[in-house]
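Only one structure is covered here, and it is reproduced in the block below.
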Amino acid sequence: MQRSLEQILNSILHSSEILEEEMKQETDLKNLTSRQLYCIELIKVLQNPSLTELAEKMNIAKASISVMIERLAKNNFLYKVASDNDRRSAHVHLTEKGEKAASLHTELHKRIADLLTEGMTESEKEILIVLLNKSVESLNCINKPF
């Protein structure tokens, strides 16, 4: 039976949430939310962003990112450093524990990708990548002002 796009996306999202929860339970990440893990991952990708940069990338208010950063700092995932250029702003750095969390989250994504493409040929994987890139481009407008 051919499933609809909505059913396929629902299955992928649900399965990835289950995998993420299982993986978190095996580590010291079990108390982190998906949004917190995404924040940690973004900090690694952006290489020590300011709070403003992080809030913009996550598409949330600066006050909300400040609360999240304080919680993550309290749990030793990251720390803030005052900017050299502007003492009113701070940059966020991952601790060793934060680096480990980011690596585990990246590993989770790799596991999901491997499971999704397990029965595919290299050619099919390349086609999937092209199609998903087009889809992601469409989603990127969500984070951009109109």
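Quick note: the coordinates plus some simple rules give every number you see, no bench work behind them. Fair warning: this is a prediction, and the values are worked out from it, not measured in the lab. Counting neighbours? That spans all protein chains shown, and the Cβs are built from the backbone with ideal geometry, glycine included.
Numbers for the structure displayed
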| read-out | value |
| --- | --- |
| Theoretical FRET efficiency, 1/(1+(r/R0)^6), r = Cβ-Cβ of ALA82 and GLU26, R0 35 Å, to 0.05 | 0.45 |
| The chain - mean residue ellipticity at 222 nm from DSSP helices (-39,500 (n - 2.57) per run, n ≥ 4, rounded to 500) | -21500 deg cm²/dmol |
| Lys/Arg +1, Asp/Glu -1 at C-beta; the stretch 5-143 dipole; positive extreme among GLY119, ILE60, LEU32 | ILE60 |
| Peptides ranked, highest mean first, by Cβ atoms within 10 Å: ranges 103-109, 30-36 | 103-109, 30-36 |
| Förster-model FRET efficiency, 25 Å R0, LEU42 and GLU118, C-beta, rounded to 0.05 | 0.35 |
| Test item: Cα-centred dipole of the chain, Lys/Arg +1 and Asp/Glu -1 on Cβ, debye | 680 |
| Violating pairs (Cα-Cα greater than 24 angstrom) within the set LYS24/LYS62; LYS24/LYS97; LYS80/LYS100; LYS30/LYS97; LYS30/LYS125 | LYS24/LYS62; LYS30/LYS125 |
| Kyte-Doolittle mean at least -0.5 and Cα axial length at least 27 Å: DSSP H helices in the chain | 5-25 |
| Stretch gain in nm, segment LEU9-ALA61, where the contour uses 0.36 nm per residue and the Cα spacing is subtracted | 15.9 nm |
| FRET efficiency, GLU70 to HIS109 (Cβ-Cβ, R0 30 Å, nearest 0.05) | 0.70 |
